[in-house]
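Novice: Here it is, the structure in full.
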Amino acid sequence: MSAALAVLVALAVLAIAVVSMTVKIVPQARAGIVERFGKYRTTLPAGLNIVMPFVDKVRYMIDLREQVVSFPPQPVITEDNLVVSIDTVIYFQVTDPVAATYEIANYIQAIEQLTMTTLRNITGGMTLEHALTSRDQINAGLRGELDSATGKWGIRVNRVELKGIDPPPTIIDAMEKQMRAERDKRAMILTAEGDRQSAILMAEGQKQSAILTAEGNRQAAILTAQADRQAQILRAQGEAQAIQTVFQAIHDGNPDQKLLSYQYLQMLPKIAEGDNATTWIIPAELTKALGTLGGTFGKIPVDGGGNKTRIDFDAPIVDDAPVEGATAEAVQQALDAAKAAESAAPVAPATPVAETPPEAPPAAPKK
């Protein structure tokens, strides 16, 4: 019994081993490479597969999904002889499992070495500044070279990205200084532009203010001139009316030469009035007026005077002697005042002006 049980157990183990070697389950997005006696036979798709036990063997299980591989930074010399460190990231996918298995021993290592050589070839023809600003151009060139080289390996390179381009510390410091200088330059330019615009706006404002001020002054001057003109016109009209009224009153009163000479003498003391009056001029007609006044008041008219006013016969008779005495006294006071003014201030010679000689007083009618 024990020997039979041992045989049954051995047969069961053998059956399980045969089944496990016959039935192969391939996961999704995987491909199994089957070899028979060391030679490629077939590729197992995803799912349940049957192979010949002890004859067929699944040598490799290839991942068909897109893979991401990041390579460490590599030193690269640019066209301007600067050493920079560039690290890359590659996205690739196996499209032919058989070629990826038998055409290349290690396709990841091959992609890494090909990436470094292609990157040095592309970046070596660029300056540092061009390389820093042309990442898209480098990515496109690198992807094209890798895709054409890995096509025979059954690999498709979908995308290549540069993770970083690190210049030397000295170059970074110089670039920072350059960028700082550029920013300072732009700041100074912007400040100058702002000052220029501000000066222009201020000048425009001052110009507009000056124009408005001049326009206002012009309007004010025009209005002032118009007001002065109206005032002068009104003043002249008033003076004209006053002169006309006085002239009319004088003509209505019918004054004679005696009254005019007396008024002329009364105006003489006013010539010397004032604190600043150091020199005053006596007209040449003064002697004529004094002679006429003396001749007029020194004689007593035969007919009782030259009064043109009609005599009221009903009024009481009044003696005219005191009146004549008062008139003579007033004339004497005027002469004394004229002499005092002449002795107080120097007299400047005056050019006599030709005038019409005053009319002679009317002769008294003979009795």
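Novice: So for region 168-254, considering every pair of alpha-carbon atoms, how many percent are separated by more than 17 Å?
Specialist: Cα-Cα pairs in region 168-254 separated by more than 17 Å: 76 percent.
Novice: Now, a different point. Projected onto the charge dipole of region 107-189 (+1 at Lys/Arg Cβ, -1 at Asp/Glu Cβ, origin at the Cα centre), which of VAL160, THR117, ALA131 gives the Cα projection farthest towards the positive end?
Specialist: VAL160
Novice: For region 18-63, what class follows from the C-alpha gyration tensor (a ≥ b ≥ c being the square roots of its eigenvalues): rounded when a/c is under 1.5, otherwise prolate if a/b is larger than b/c, else oblate?
Specialist: Here region 18-63 falls in the oblate category.
Read the figures in this text as sums done on the coordinates, not as results from a lab. Treat the numbers as computed from the prediction; the structure is a model and nothing was measured. Quick reminder, even Gly has a Cβ in these numbers, built from the backbone with ideal geometry, and neighbours come from all protein chains shown.
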